[in-house]
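The values are calculated or read from the model by the stated rules, or taken from the named source; none is laboratory data. Here the structure is a predicted model, which means the values were calculated and not measured. Cβ coordinates were reconstructed from backbone atoms using ideal geometry, including for glycine residues, and neighbour counts include every protein chain displayed. For accessibility, only protein heavy atoms count, side chains too; no ligands or nucleic acids. Shrake-Rupley method; radii C 1.70, N 1.55, O 1.52, S 1.80 Å.
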Amino acid sequence: MTPLNSLIRPQPWINWLVVAFGLVLWAGVLRLGWTVDHSDSGLKEVIGLRAGRLTRLFAATCLLGVTQLSLVTLWYRTHSRKDFQGQYRVWIWSSLTWGLLFGSAITGWHISWSSSLAAQLPHRLQPLAEMAWLPVAAILAGTACRLLSREMACSTATRWLLNSATLVGTLTVLLEVATGFFPHSVVRLLCNATGALWPLLMASALLHHARYVIHVSNEATPWAVRASRLSPVVRQVWAEVLLLGPSRATLARSLSPQKLWQMTLRGARSCRALSRTAWSLIARRLSSRRKETQEAGATSRRKAAPSLPVVASSNESPGKSAQKSATKALKSA
């Protein structure tokens, strides 16, 4: 028996004792920090729960254990003889992710990076830039959990612990984001508590999986195929429908690169015709509105202009008018 096998025992109840001891230690850290915060001690900034230094140290220790357990599992999984798809590479990603989170938890470089980024931005964007590390950490941890959920599906206890760690980690991210909905002191206490709990649950899950890989089987876990919930009659009818439908050769020809290129060209032509039609309609609408505006402006100007007296103008010359008057006088005489 090697020293590694002596550290990770084959009995599951020993691992559960280790998990229980970790939970008791986590509760003791919270109790100690709460007691110091409600006392007159000068150690509030060192081990107080509001300060969060002791809980960050606890979380960093758990993340160190998670990283080491990932490396141990990776070493055993690389000796698998049936892992033809290379599923052991998941543990490379897992080791790098948890190692990066451990380094950030122990040194705090992510906070200094976010502060330097916020100093280069305008004042209204600085609160968002100071939390720039949070989505990056959430994406890395979420991706690792999603990949490990397939690899660690061999044991019920492992799945439950992994899901619990994912749930508590998600709650921690939500508490970090929702600082304006609850009092700051309460949110900070809950963040420190949950931020120390999810690494412990993750370490417990990897401990159980390392026991499985070392003492049960180091082969790749087969991916579970989702069983069909359809009745046999419905499955038979669906198979007949597929048989009556197009063949695989027809589907392959319809999805060939040449057909896809032709469909793309047709779609581009249709989009261009639609855009031209829409642009012509918009231009007509704008021109009609412009004409209506000009007519309304001309009407308002005519109404606003003062009315001038109308002078009757005659097209006849003065000589002709005098002759007509003389002719009328002779006729009357």
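Details
- In nm, spacing of pseudo-spin labels at Thr264 and Ala27 (7 Å Cα→C-beta vector): 6.2
- In sequence order, calculated HN-Hα J values of region 13-22 (Karplus, 6.51, -1.76, 1.60; Hz; x Gly/Pro): 5, 5, 5, 5, 5, 5, 5, 4, 4, x
- Environment charge of Glu219, counting only residues whose C-beta is closer than 9 Å and scoring Lys/Arg +1, Asp/Glu -1: +2
- Highest average packing first - 163-174, 101-112, Cβ atoms within 10 Å: 163-174, 101-112
- Region 128-224: relative contact order in percent, alpha carbon pairs under 8 Å with at least 6 residues between: 35
- Averaged per residue, region 10-67 has 59 square angstrom of accessible surface, using a 1.4 angstrom probe with ligands and nucleic acids left out.
- Relative contact order (percent, whole number), region 58-172, Cα cutoff 8 Å, 6+ residue spacing: 23
- For region 140-220, accessible area per residue (1.4 Å probe, heavy atoms of protein chains only), Å²: 44
- Taking the Cα atoms of region 76-179, the ratio Rg/Rh between the radius of gyration and the Kirkwood radius comes to 1.09.
- Volume of the convex hull of region 1-160 (Cα atoms only), normalised per residue: 167 Å³.
- Relative contact order, whole percent, for region 1-108 stands at 20, derived from Cα pairs under 8 Å and 6 or more residues apart.
- FRET efficiency for the pair Trp113 and Arg284, taken as 1/(1 + (r/R0)^6) with r the Cβ-Cβ distance and R0 = 51 Å, rounds to 0.40.
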